[in-house]
């Protein structure tokens with residue numbers, strides 16, 4: 001990346017730009033933000049998947065009958081810088097079985113089944129109390145060992161990401177609080193209720209990668225969040241942390257789209273934000289980093305939005321990983337009479353679940369329960385009329401109609417040449433297609 005682009009990236013957030021395409025969508029978030037976040041009671045069994053991250057499944061490090069404490073390592077993987085899966089509570093390993101794992105493929109995977117003892121007792125914790133002066137490599141190692149992944153949905157191992165960032169040289173950390181997909185409000189509630197943890201996580205990540213400043217990007221309609229974060233920044237007397245409001249256009253929360261809004265620069269195909277001296281992390285990931293470094297606690301739970309017209313009391317819940325989704329629905333008043341479909345994620349990028357016995361995973365930012373009225377009747381797929389609407393709304397400036405034709409014709413060289421790898425599967429093209437062509441399904 002040329003020096004001029006890097007210098008422009010240093011000015012991130014001081015002027016706002018636009019990314020191509022996108023959609024203005026109804027938010028449908030207010031109803032799930034009306035009550036404080038509450039913790040879900042422990043289930044009788046926790047089914048903890050060994051695949052909760054980008055890449056290959058972790059290998060179990062426990063056996064049936066083993067006693068575990070909350071935070072004990074129960075699985076490890078060696079790729080992408082190595083990482084771990086941890087016990088979300090104390091109890092006994094009752095089995096290691098194949099079970100639905102809430103994966104987009106719909107396939108089952110190995111799960112460590114834990115029978116909780118009700119004590120919820122932590123293992124021995126090793127925080128880094130002197131983190132402001134600690135060796136940054138020590139902080140990065142702690143992040144890696146704590147099982148932290150990108151909690152915005154990508155679940156890329158954070159330990160690997162911060163290690164790579166430290167080697168490439170980072171001047172600006174971007175914390176992504178632009179939660180632009182309809183219905184999902186878990187990050188908004190986190191920013192409302194735990195702004196101090198987010199700011200602390202920002203400072204720790206700055207130390208870990210050597211960043212000079214941090215931008216916390218939030219939607220322009222998040223007035224309560226803005227005030228909470230401003231108070232948290234003032235309270236720490238931290239310098240170099242700016243809160244920037246961005247226009248709420250879907251999918252502005254995408255990493256490359258947000259960077260384009262903040263810098264005016266497009267991350268080229270095949271390159272990474274670190275090539276511009278930028279590191280982008282979700283606000284929930286920053287909170288997990290703060291907890292890991294200052295308290296020694298690995299990632300074993302997350303806030304999940306439970307919402308939609310098919311659930312009686314939409315809200316946000318703090319759930320241990322492995323908790324059956326049915327338990328979260330029960331804590332949200334149960335299903336409405338016309339509940340018809342269960343979706344993990346939002347209405348644009350989420351995917352249907354076959355059963356509410358599926359467990360909460362690190363990627364589970366939202367459980368969307370749709371009613372019969374929410375589901376459009378199946379429309380017959382018609383031939384493409386070459387209207388160009390899909391290209392107009394594509395935030396990655398792709399030609400979805402052309403990609404679709406190449407995929408159907410198995411012209412794989414042309415598919416690659418036309419940039420399929422840059423598709424973020426946001427669903428904008430599906431949303432506007434008058435011929436009802438399931439474009440994203442073909443791209444996946």
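The values are calculated or read from the model by the stated rules, or taken from the named source; none is laboratory data. Note that the structure is a prediction, hence the values are computed from the model and not measured. Here the Cβ positions follow ideal geometry from the backbone for every residue, glycine too, while neighbour counts run over all protein chains shown.
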Among (1) over 25 Å from the mean Cα position of the chain (by Cα); (2) farther than 23 Å from residue 28 by Cβ; (3) assigned to a loop (DSSP other than H, G, I, E, B), there is one condition residue 377 misses while meeting the rest; what is its number?
(2)
Top-ranked residue of the range 257-277 - restricted to ones that are out of contact with any helix residue (DSSP H, G or I) (no Cβ under 7 Å at 6 or more places or on another chain) and at pLDDT 95 or above, ranked as surrounded by the fewest Cβ atoms within 10 Å (Cβ to Cβ):
260
Go through (1) more than 14 Å from the chain's Cα centre (by Cα); (2) closer than 20 Å to residue 293 by Cβ and name the single condition residue 189 misses.
(2)
Since residue 91 meets every condition but one in (1) surrounded by fewer than 22 Cβ atoms within 10 Å (Cβ to Cβ); (2) more than 30 Å from residue 346 (Cα to Cα); (3) touching a strand residue (DSSP E or B) at 6+ places or on another chain (Cβ under 8 Å), which condition does it not meet?
(1)
Take the conditions more than 19 Å from the chain's Cα centre (by Cα), modelled with pLDDT of 95 or more and loosely packed, with under 15 Cβ neighbours inside 10 Å and apply them to residue 429. Does it pass?
no
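Somewhere in the range 137-150, is a residue in contact (Cβ under 8 Å) with a residue 40 or more places away in the chain, surrounded by fewer than 20 Cβ atoms within 10 Å (Cβ to Cβ), part of a loop (DSSP other than H, G, I, E, B) and at positive phi? Give the derivation first.
If we filter the range 137-150 for residues that are in contact (Cβ under 8 Å) with a residue 40 or more places away in the chain, which is where we start, we get 139-140, 142-150.
With the extra rule that they be surrounded by fewer than 20 Cβ atoms within 10 Å (Cβ to Cβ), the set shrinks to 145.
Cutting the leftovers down to part of a loop (DSSP other than H, G, I, E, B) gives us none.
Scanning the range 137-150, I find no residue that is in contact (Cβ under 8 Å) with a residue 40 or more places away in the chain, surrounded by fewer than 20 Cβ atoms within 10 Å (Cβ to Cβ), part of a loop (DSSP other than H, G, I, E, B) and at positive phi, so the answer is no.
Which residue, of 8, 44, 52, is in a loop (DSSP other than H, G, I, E, B) and surrounded by fewer than 16 Cβ atoms within 10 Å (Cβ to Cβ)? Don't jump to the end; show me each part of the working.
Numbers: 8 fails: in a loop (DSSP other than H, G, I, E, B); 52 fails: surrounded by fewer than 16 Cβ atoms within 10 Å (Cβ to Cβ).
None of the other options fit; the residue is 44.
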Looking for something touching a strand residue (DSSP E or B) at 6+ places or on another chain (Cβ under 9 Å), assigned to a strand (DSSP E or B) and buried (at least 21 other Cβ atoms within 10 Å of the Cβ) - is there at least one such residue anywhere in the range 336-352?
yes
If residue 24 meets every condition in (1) touching a strand residue (DSSP E or B) at 6+ places or on another chain (Cβ under 9 Å); (2) surrounded by fewer than 17 Cβ atoms within 10 Å (Cβ to Cβ); (3) within 30 Å of residue 334 (Cα to Cα) apart from one, which number is that one?
(3)
Take residue 250 and tell me if it is in contact (Cβ under 8 Å) with a residue 40 or more places away in the chain, touching a strand residue (DSSP E or B) at 6+ places or on another chain (Cβ under 7 Å) and on the phi > 0 side of the Ramachandran plot.
no
Somewhere in the range 299-311, is a residue outside the structural domain of residue 155 (by TED's automatic domain parsing), surrounded by fewer than 20 Cβ atoms within 10 Å (Cβ to Cβ) and without any contact (Cβ under 8 Å) to a residue 60 or more places away in the chain?
no
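Would you pick out the residues in the range 56-74 that are at positive phi and crowded, with 16+ Cβ neighbours inside 10 Å? I'd like the intermediate steps shown before the answer.
Of all residues in the range 56-74, those at positive phi come to 65, 71.
Selection gives 71 alone.
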Select, from 317, 398, the only residue that is in contact with a helix residue (DSSP H, G or I) (Cβ under 8 Å, 6 or more places away or on another chain), surrounded by 20 or more Cβ atoms within 10 Å (Cβ to Cβ) and in a loop (DSSP other than H, G, I, E, B).
398
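Suppose we filter 284, 288, 211 for residues that are part of a loop (DSSP other than H, G, I, E, B), touching a residue at least 24 places away in the same chain (Cβ under 8 Å), outside the structural domain of residue 416 (by TED's automatic domain parsing) and crowded, with 17+ Cβ neighbours inside 10 Å; which single one remains? First the steps, then the outcome.
Details: 284 fails: part of a loop (DSSP other than H, G, I, E, B); 288 fails: part of a loop (DSSP other than H, G, I, E, B).
Going through 284, 288, 211 in turn, the sole match is 211.
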Is it true that some residue in the range 365-388 is over 28 Å from residue 304 (Cβ atoms), at pLDDT 95 or above, crowded, with 19+ Cβ neighbours inside 10 Å and touching a helix residue (DSSP H, G or I) at 6+ places or on another chain (Cβ under 9 Å)?
no
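Take residue 105 and decide whether it is without any contact (Cβ under 8 Å) to a residue 40 or more places away in the chain and in the same structural domain as residue 276 (by TED's automatic domain parsing).
Details: without any contact (Cβ under 8 Å) to a residue 40 or more places away in the chain: yes; in the same structural domain as residue 276 (by TED's automatic domain parsing): no.
So residue 105 does not fit the description; no.
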For residue 196, the lone unmet condition from (1) within 18 Å of the chain's Cα centre (by Cα); (2) free of Cβ contacts under 8 Å to residues at least 60 places away in the same chain is (1)
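Criterion first (in contact with a helix residue (DSSP H, G or I) (Cβ under 7 Å, 6 or more places away or on another chain) and buried (at least 23 other Cβ atoms within 10 Å of the Cβ)) does residue 202 satisfy it?
Taking the combined requirement at face value, the residue satisfies it.
Counting just the residues of the range 291-314 that are under 30 Å from residue 125 (Cα atoms) and in a loop (DSSP other than H, G, I, E, B), which one comes out farthest from the chain's Cα centre (by Cα)?
First, pick out the residues of the range 291-314 that are under 30 Å from residue 125 (Cα atoms): 291-305.
Still in the list and also in a loop (DSSP other than H, G, I, E, B): 296-300.
Values: 296: 22, 297: 19, 298: 17, 299: 13, 300: 15 Å.
Taking the candidates together, the pick is 296.
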Per the filter on the range 179-191, residues at pLDDT 95 or above and either in contact with a helix residue (DSSP H, G or I) (Cβ under 8 Å, 6 or more places away or on another chain) or in a helix (DSSP H, G or I) (or both) are 183, 185, 186, 187, 188, 189, 190, 191
